[in-house]
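Here's the structure we're looking at; comments come further down.
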Amino acid sequence: MATEEYVHVPSRASEGLEEAPSAVFAVQAGISPRLYNSDLAPTTREGRKWSSYSIFALWANDVHSLGNYVWAIGLFSLGMSGGAILGSLAFGALFLFLLLTLSGFMGEKTGVPFPVMSRISFGIHGAQIPALLRGGVAIAWFGIQTYLASQVLQVVVIALIPGATALQSGGFLGLSALGWITFLVLWVVQSIIVSYGMEMIRKYEAFAGPVILATFVALAVWVLVQADFQISWSNDAPLTGADLWLHMLGGASAWVAIYGTFVLNFCDFTRGAQSKKAIVKGNFWGIPINMLFFGCIVVILAGGSFTVNGQAITSPADVVAAIPNTLLLVLASLALIVLTIAVNLMANFVAPTYALTNLFPKRLNFRKAALLSAVIGLVILPWNLYNSPVVIGIFLNGLGALLGPLFGIIMVDYWILRKQQINVPDLYSEHVTGEYYYRGGFNPRAIISLIISGAIALLLTFVPAFQVVSQFSWFLAAGLGAVVYAVLADRRRAFHDVPAGDIAVTPTH
């Protein structure tokens, strides 16, 4: 047997140990080194540390992102009342709770990250398609979000060192000297955090969650005081009747679409969940409850600022910028930076890291892939992407439109066709008789389903004639992907439920 046909994996049973061994042993068992390493391996039950609080902390950070506030406050400016905004968010939260719980259960059962999970539907090699689509969207947004956070950091630097304004003149590759300094500082901080793996990300999210919640409560109280505790529940041109309901349902759909990326790779986090109960409890407090709390903050910030100034703010950053006390301004700005880093780590850093690890498992582990992701996020000069309507409007939105069909295909295959029967060891096998080998490692039925539903999703996104239903495009695309795959899928295949066994690994970082 040639050396390259072996892969080293930890084992307890083979060595007669109850605890994880300190050594490794070579196994044949069809496990391919082109599909397996310790970061792509299933997680052992005893190595899972993500509690219900850990999962809640993810949502405590991500829901309160600045981008979400800008979007939700925009609903007020469109004429939706405070009650309508809360109703819209409530509808969206119920859908998200269901979708994210189903997606999370997949990670808890198998213990594998999203690129490996995708092998179930798309084949051991075809899984590169959904992994790279998800990772490509994320890595661009990682750079963009870091750039946006660096602008807030510039405000902090200038508040503390007024002379630093001189560094804002001139520029190199689209950024001033101060812009480069603040961007690189945040880039290095995030790279260090993620290089220590998922456990460090879990700890950071757990720290950042309470900071963020306290910060937004403080901002809401600040606005209430400025408005003498009187807030406007709508602007001067409120929507009514059918228009109001259409905007409410459209807002709920758009709220779900915002998380269209995260519902795909939630298993990257729940593969470390202690139990299904932890997922349900964490999601319950983090999604419907936390999202309604988010909605209340939105109503206070938008309605309170409208009472004071006659117009709604566009972002919580506007509230921060108006704080007259330098110390409070700096503290609030730093809290927003803590938030942006937390959101970036979970939403935009983990996905490309696993995608690159899956692409080159023999050469990249989680740390190396994370650093490579960070480098790519830097060299693409994300500030230029952000300032380009073509890139944001066509490239990123185009890739994003394909994520709905991916979700529909993967969920139908896992829950309806296979009924959760997963042969975990075969996810790492290149043997022609493996359950996920299909045709040369690709499942043509899933790929054809993606092409058909993806083409229609792109039409819904970019063709003006479909503007009326564009708010519901994610649901339509996901539903279409699910239906097309349900029709094309091969139901003659035998499905087996086989646990990971000895190939499971206890995470070491």
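The values are calculated or read from the model by the stated rules, or taken from the named source; none is laboratory data. Owing to the predicted nature of the structure, the values given are computational and were not obtained by experimental measurement. Positions of Cβ are backbone-derived with ideal geometry, glycine not excepted, and every protein chain shown enters the neighbour counts. Note: accessible area is taken over every heavy atom of the protein model, side chains too, but ligands, DNA and RNA are not part of it. Shrake-Rupley method; radii C 1.70, N 1.55, O 1.52, S 1.80 Å.
In terms of its C-alpha gyration tensor, the stretch 147-282 comes out oblate, because a/c is 1.5 or above while a/b does not outweigh b/c.
Against the main long axis of the alpha-carbon atoms of the chain, helix 198-226 sits at an angle near 20°. Per residue, the convex hull spanned by the Cα atoms of the stretch 252-301 amounts to 89 cubic angstrom.
Would you work out the relative contact order for the chain, in percent, from Cα pairs under 8 angstrom that are 6 or more residues apart? Value for the chain: 32 percent. The Cα atoms of the stretch 221-292 define a convex hull whose projected area, averaged across directions, is 7.8 nm². Coupling constants for the stretch 108-121 follow from the phi torsions by the Karplus curve (6.51 cos²θ - 1.76 cosθ + 1.60, θ = phi - 60°), and in residue order they are 5, 6, 8, x, 10, x, 4, x, 6, 4, 5, 5, 4, 8 Hz; glycine and proline get x. Each residue of the stretch 487-504 was assigned a 3J(HN,Hα) from its phi angle through the Karplus curve 6.51 cos²θ - 1.76 cosθ + 1.60 (θ = phi - 60°); the sequence is 6, 8, 4, 7, 8, 7, 6, 8, 10, 10, 9, 10, x, 5, x, 6, 7, 5 Hz, with glycine and proline shown as x. When peptides 187-195, 258-266, 108-116 are ranked by their average number of other Cβ atoms within 10 Å per residue, the highest-first order is 108-116, 258-266, 187-195. Between helix 241-258 and the chain there is an angle of about 50 degrees, using the helix long axis and the longest principal axis of the Cα atoms. The angle between the Cα long axis of helix 177-195 and the main principal axis of the chain comes to about 40°, on a 0 to 90 degree scale.
Where does the chain land at 222 nm, in deg cm²/dmol rounded to the nearest 500, when only DSSP H runs of n ≥ 4 count, each adding -39500 (n - 2.57), divided by all residues?
Working: 21 runs with 300 residues, N = 509.
That comes out to -19000 deg cm²/dmol.
Per residue, the convex hull spanned by the alpha carbons of the chain comes to 152 Å³.
Residue separation times 0.36 nm, minus the C-alpha to C-alpha distance between residue 218 and residue 158: what's the value?
Details: separation 60, 0.36 × 60 = 21.60 nm, distance 2.30 nm.
Here the segment from residue 218 to residue 158 would lengthen by 19.3 nm.
Along the stretch 411-426 the Karplus relation, 6.51 cos²θ - 1.76 cosθ + 1.60 evaluated at θ = phi - 60°, assigns HN-Hα couplings of 5, 5, 5, 6, 8, 9, 6, 8, 6, 6, 8, 10, 8, 4, x, 5 Hz to successive residues, with x for each Gly and Pro.
Once backbone amide H atoms are built at 1.01 Å from N, residue 505 has 43, 44 as its partners under 5 Å, excluding neighbours fewer than 5 places away on the same chain.
Roughly how many Å² is the accessible area per residue of the stretch 368-509, as a whole number, for a 1.4 Å probe? Mind dumping the intermediate values first?
Values: 6740 Å² over 142 residues.
That works out to 47 Å² for each residue.
At 0.36 nm per residue, minus the direct Cα-Cα distance, what do residue 276 and residue 177 gain on full extension? Give it in nm, one decimal, please. Write down the numbers at each step before the final one.
Working: separation 99, 0.36 × 99 = 35.64 nm, distance 4.85 nm.
Fully extending the segment from residue 276 to residue 177 adds 30.8 nm.
Computed on the Cα atoms alone, the convex hull of the stretch 248-391 gives a volume of 190 cubic angstrom per residue.
With a Förster radius of 51 Å applied to the beta-carbon distance between residue 70 and residue 433, the computed FRET efficiency rounds to 0.50. Available extension along the chain between residue 46 and residue 380 is 116.3 nm, counting 0.36 nm per residue and deducting the alpha carbon span. Can you give me the long-range amide H partners of residue 423? Hydrogens built in the peptide plane at 1.01 Å from N, cutoff under 5 Å, separation of 5 or more residues or another chain. Here the answer is 496, 498, since their amide H atoms fall under 5 Å of that of residue 423.
As a calculated quantity, the FRET efficiency between residue 487 and residue 188 at R0 = 60 Å, using C-beta atoms, amounts to about 0.75.
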